[in-house]
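The values are calculated or read from the model by the stated rules, or taken from the named source; none is laboratory data. None of these values were measured; they are calculated from a predicted model. Here the Cβ positions follow ideal geometry from the backbone for every residue, glycine too, while neighbour counts run over all protein chains shown.
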Amino acid sequence: MWGTATAPFQVEEKGERKTDWDSFIDRKKIVSPDEQGPNYWTPGNAEKDFSDLRNLGINAQRLGFEWGRIEPEPGKISQEALRRYRGMIDFLKERDIAPMVTLNHFVLPEWVARQGGWENKSIREAFRHYAEVIAGNFPDIPYWITINEPNVLAAAGWAGGSWPPEKKGTKGLLTVLHSVSPNMIAAHELAGNELTKQSGSGKVGIANAISWYKPENTMSPLDRIPGAVADALFNYKFLKGTIENSDFAGINFYSGYWLKFRPEFNGKMQKEFPMANDELPFGKVVRHNDEVLNDVGWPVVPGFFLEALQYVHSKFKGKPVIITENGIADREDKLRSFYILTHLIAMHEAMRSGVDVRGYFHWSAVDNLEWAEGFGPRFGLIARDPKTGERAIRQSAKLYGEIAKSNEIDVNKLEEYLTPEQKILTKKFLKSLERSV
C-alpha cells in the first residue's frame, strides 16, 4: 500500500462538532478568524484531494472518524455524520483506494472530556460502544487504527501540558502511568474486539509514534541512559501493551535526536516533540552543525528510521509493520522530495533485513491544522493556503507518485527532484547503508 494520511479534526470544518480540542483551540485563539482548513466535511473537498492523489498513483488513504461528531452526546448517534463518512469510504473504494480508518486521533467528545477523559476508567466502555457502532456501520473497512499516538498524547497532555487536558510535571506523568496508559491499552483491546467481531477480515492496530534516540558520545555509558529511559517510557510502553491484541504494528516516524546525559529526571520541553536544548529525563537534546532541519526544527535522519524499524522488528517478531505516518514540515517544498526518497530507501533497507513492512502512509495528504501550532507547519503533498483556500499539488507529491505507480525506487531517475546538495547527501546515505551490510 502506498498512501497518505489525514486526521478528521485537522481537515474538517468545525460546524456543530463539540470536542475538547475545539474548546482548547478557541480558548487559546490558535486559529485566526480569516483562517480555515481543507473543509473535508463539505462534500466534494475531500473527494477532490482523493482524486488528485489517486491520479498521482496513491492506492491507499488513511482517514479518521471524529467521535465527537458521531456521538455528540452519550448514546446519541448522528446519522448525518455516519452518512458523510460512508460517502468518503464509498468514494475511495470505487476508485480502488484502500481505506484505513482511525477511531480516535487525539480528540475526545466534550462530554467524555468532562467525565475525566482518559483518566476515567469509564472511557473504556464508552470507547468500546463507539467502536461497536462504527463496526456495525462500516463492516467493509480493511484496516483499522483504534488510537493514534497514545504516547504523544500522554507526553503532550500530561507531561508537557501543551495539549488538552494541559497537565504537566511529575504529577502528570504519574497520572499517565496509573490511569491514562492502562485505560488506553484496555480501550484498544475492547475496541479491537468489536471491530474484529463485526468486520471479520479487517486488520486492527494502533499507531504508535517512534522517536529514535542516540547517545551524543557513543563511548559514554552515561550518554546511553537518557535514550534508554526515553525509549522505555515513550517508544516501548504502548507498543508492548497493545501489540498482543493487534494484527500489525502501526509506526509513525518523523525524526530522532542525539542526547547527552544530565543528572536530573525532571524534563522541560518547548513543544510536544523534542527541540534543541530541551531537557528529557536524564538527558538533553544536542544539535549537530551539519544537521538538515525541517521548518519546525526536527532533524532529517533517515538512518534513524531504519534503526527504529529494525528495533520494532526485533522486539515484536512475527508482527507485520505498517508505516502509518511519515512526513516533514516544509512550507516551500525544498526538502520533502529528499525526505521521502531517503526515508523510503531506509524502509526498503529495513525490508531487506527482514522487517515485514506492508504499507506506507505519508503525512499528510494536504496542509492542515497542526494542532497547537495552528496552520503554521505545512506537511501536505497538496499545498493549501488557509486564508485564500488556494491549493496546488507540490513537486514532491509527483516524486512520491512515481514511486507508488512503479512500486520501486530508482534513485537515478528520481534525482531530478533533488538539489545538487541533496543528491550528494542521498549518495552519502546510500554509501552508509553499503558499509552497514
Ser432 being farther than 30 Å from Gly37 by Cα, touching a helix residue (DSSP H, G or I) at 6+ places or on another chain (Cβ under 9 Å), assigned to a helix (DSSP H, G or I) and touching a residue at least 40 places away in the same chain (Cβ under 8 Å): yes
Pick from region 8-17, criterion touching a Lys or Arg at 6+ places or on another chain (Cβ under 9 Å) and not in a helix (DSSP H, G or I), ranking: modelled with the highest pLDDT: Glu12
Qualifying strands (runs of 3 or more DSSP E) (wholly inside region 327-417; at least 1 residues being within 21 Å of Ser255 (Cα to Cα) and either aromatic (Phe, Trp, Tyr) or touching a strand residue (DSSP E or B) at 6+ places or on another chain (Cβ under 8 Å) (or both)): 357-363
Lone unmet requirement of (1) out of contact with any His (no Cβ under 8 Å at 6 or more places or on another chain); (2) in contact (Cβ under 8 Å) with a residue 40 or more places away in the chain; (3) surrounded by 18 or more Cβ atoms within 10 Å (Cβ to Cβ); (4) not aliphatic (A, V, I, L, M) for Asn45: (2)
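The rows are residues; the columns are (1) at pLDDT 95 or above; (2) within 28 Å of Val107 (Cα to Cα); (3) surrounded by 21 or more Cβ atoms within 10 Å (Cβ to Cβ).
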{"position": "Ala346", "(1), (2), (3)": "yes, no, yes"}
{"position": "Gly354", "(1), (2), (3)": "yes, no, no"}
{"position": "Glu370", "(1), (2), (3)": "yes, yes, no"}
{"position": "Asp385", "(1), (2), (3)": "yes, yes, no"}
{"position": "Thr388", "(1), (2), (3)": "yes, yes, no"}
{"position": "Ile393", "(1), (2), (3)": "yes, no, no"}
{"position": "Leu399", "(1), (2), (3)": "yes, no, yes"}
{"position": "Lys405", "(1), (2), (3)": "yes, no, no"}
{"position": "Asn412", "(1), (2), (3)": "no, no, no"}
Of residues in region 26-40 being free of Cβ contacts under 8 Å to residues at least 40 places away in the same chain and outside any loop (DSSP other than H, G, I, E, B), the one nearest to Gln10 (Cα to Cα): Asp26
In region 90-112, the residues that are farther than 23 Å from Glu325 by Cβ, of a type outside the set (Phe, Trp, Tyr) and touching a Pro at 6+ places or on another chain (Cβ under 7 Å): Pro109
Near pairs, Cβ below 8 angstrom, 6+ apart or cross-chain, from region 219-234 (at pLDDT below 90) to any residue that is part of a helix (DSSP H, G or I): Phe234/Asn151; Phe234/Ala155
Filter result (among the hydroxyl-bearing types (Ser, Thr, Tyr) and either surrounded by 23 or more Cβ atoms within 10 Å (Cβ to Cβ) or in contact with an Asp or Glu (Cβ under 6 Å, 6 or more places away or on another chain) (or both)) within region 305-324: Thr324
Which listed residue, of Gly117, Gly136, Gly87, is surrounded by fewer than 16 Cβ atoms within 10 Å (Cβ to Cβ) and in contact with a Pro (Cβ under 8 Å, 6 or more places away or on another chain): Gly87
Condition check for Glu80: touching an Asp or Glu at 6+ places or on another chain (Cβ under 6 Å), surrounded by fewer than 23 Cβ atoms within 10 Å (Cβ to Cβ) and in a helix (DSSP H, G or I): no
Any pair with Cβ under 8 angstrom, 6 or more apart, that starts in region 189-213 at a residue that is on the phi < 0 side of the Ramachandran plot and ends at one that is small (Gly, Ala, Ser) and in a loop (DSSP other than H, G, I, E, B): Gly192/Ser246; Leu195/Gly202; Thr196/Gly202; Val204/Ser246; Gly205/Ser246; Ile206/Ser246
Residue among Phe304, Phe379 that is within 18 Å of Asp49 (Cα to Cα) and either of a type outside the set (Val, Ile, Thr) or in contact (Cβ under 8 Å) with a residue 24 or more places away in the chain (or both): Phe379
Tabulated pairs, region 131-152, first closer than 11 Å to Gly202 by Cβ, second polar (S, T, N, Q) and assigned to a helix (DSSP H, G or I), C-beta under 7 angstrom, 6+ apart or interchain: Ala135/Gln198; Ala135/Ser199; Pro139/Gln198; Pro139/Ser199; Ile141/Ser199
When residues of region 48-77 are limited to those that are closer than 29 Å to Ile123 by Cβ and among the small types (Gly, Ala, Ser), the one surrounded by the fewest Cβ atoms within 10 Å (Cβ to Cβ): Gly75
